[in-house]
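Taken together, the values in this text are just the output of simple stated rules run on the coordinates, not laboratory data. No experiment lies behind these values; they were computed from the predicted model shown. All Cβ positions, even for glycine, are placed from backbone atoms using ideal geometry, and neighbour counts span all protein chains on display.
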Amino acid sequence: QLQLQESGPGLVKPSETLSLSCTVSGGSISTPKKYWGWIRQPPGKGLEWIGTIHYTGDTYYNPSLKSRITISIDMSQNQFSLKMTSLTAADTAVYYCAKDEGTSWYHDWGQGTLVTVSS
Amino acid sequence: QSALTQPASVSGSPGQSITISCTGGSSDIGAYNNVAWYQQHPGKAPRVVIHDVSLRPSGVSDRFSGSKSGNTASLTISGLQAEDEADYYCSSFTRSTTHVFGSGTKVTVL
């Protein structure tokens, strides 16, 4: 049974950088036809796709966030990460990591981690 | 990129069928058969109920069905049950090799 677990700070100050990791267990992150993604959901609002990475290092980003985000992968740790710079209150959200089955649908999700941007 | 358009809310009585629409454009839904639907209960992570327009993952009730016509995808829930009350989101692959979600629909079982 594949499991994904997000980890990172729950509180970040405005203008600072957010770093989140997603640890994958029960399966390999280097599965050829699968991708690994980040999705967020502001409190009371809808889902927003952040970006996706393949184990080869290919990345795909939401154009509206592209200038502020970097997604990377660490196969030795079986985890992938999200870095987001210049945070504002608008970045307050539950951040989910998930596995893309290869045709743009996410079957396995982490439980989500709430990140609050506040001084 | 703009979110796909969904109705804010849809309701139905137990046993009835409801349909949720998801409207995009020629660069997403209209161009690809990579439409998925997610169910999300309060405080929980989303769960996929339909992928690739009309395919159901293992373990998902056959009361959920999906379809697509032009730039609009649809999710139908038949035999509505109390447990179906949740938020539903569509999603699609896009021509710019990105991914976009719908605005979300709250389903209420009367």
How long are the three semi-axes of the equivalent ellipsoid for segment A:15-58, computed from the Cα gyration tensor as the root of 5 times each eigenvalue, in whole Å, largest first? 24, 13, 11
Using unit Cβ charges (K, R positive; D, E negative) and no other charged atoms, how large, in debye to the nearest 20, is the dipole of the protein assembly as shown about its Cα centre? 240 debye
Extending each Cα 7 Å along its Cβ direction at A:Y55 and B:D62, get the distance between those two points in nm, one decimal. 3.5 nm
Of B:I18, B:I77, B:I50, which is the most mobile in a GNM of chain B whose springs link Cα atoms less than 10 angstrom apart? B:I18
What are the trypsin sites (Lys or Arg not before Pro) within segment B:24-110 that DSSP puts in a loop, where the Cβ has at most 14 other Cβ atoms within 10 Å? B:K44, B:R95
For peptide B:42-54, how many partner chain Cβ atoms fall within 10 Å of a residue's Cβ, on average? 4
In debye to the nearest 20, the charge dipole size for segment B:63-110, taken about the Cα centre with +1 at each Lys and Arg Cβ and -1 at each Asp and Glu Cβ, equals 300 debye
Note down the relative contact order for chain A as a percent, whole number, built from C-alpha pairs under 8 angstrom at least six residues apart. 36 percent
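Peptide B:86-96: average number of partner chain Cβ atoms within 10 Å per residue?
Per residue, the average neighbour count from other chains is 2.
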In a shell of Cβ-Cβ distance under 14 Å around B:P7, excluding B:P7 itself, what net charge do Lys and Arg (+1) and Asp and Glu (-1) give? 0
Taking each pair of distinct Cα atoms in chain B once, what is the resulting Kirkwood hydrodynamic radius in Å? 13.7 Å
Size of the dipole of segment A:68-119 about the Cα centre, Lys and Arg at +1 and Asp and Glu at -1 on the beta carbon, nothing else charged, in debye to 20? 180 debye
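In what sequence do A:C22, A:C97 fall when counting other Cβ within 10 Å, fewest first?
Listed from fewest to most nearby Cβ atoms, that is A:C22, A:C97.
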Please work out the FRET efficiency for the pair A:S28 and B:H41, using the Cβ-Cβ distance as r and a Förster radius of 30 Å; give the result to the nearest 0.05. 0.50
Listing B:T23, B:T94, A:T31 by rising number of other beta-carbon atoms within 10 angstrom, fewest first, gives A:T31, B:T23, B:T94
Specify which residue in the list A:Q5, A:S72, A:Y35 is farthest towards the positive end of the charge dipole of chain A, using unit charges on the beta carbon of Lys, Arg (+1) and Asp, Glu (-1), about the Cα centre. A:S72
Å³ per residue enclosed by the Cα convex hull of the protein assembly as shown: 112 Å³
Please check which bits of segment A:12-43 a label hung off A:A90 would reach, taking the label as a point 7 Å along Cα-to-C-beta and the cut-off as backbone N under 16 Å. A:14-16, A:40-43
Which residue, B:S74, B:S96, B:H51, has the largest displacement toward the positive end of the dipole of chain B when charges sit on each Cβ (Lys, Arg +1; Asp, Glu -1)? B:S96
Please list the equivalent ellipsoid semi-axes of chain A, computed as the square roots of five times the alpha-carbon gyration tensor eigenvalues, in descending order and whole angstrom. 23, 14, 13
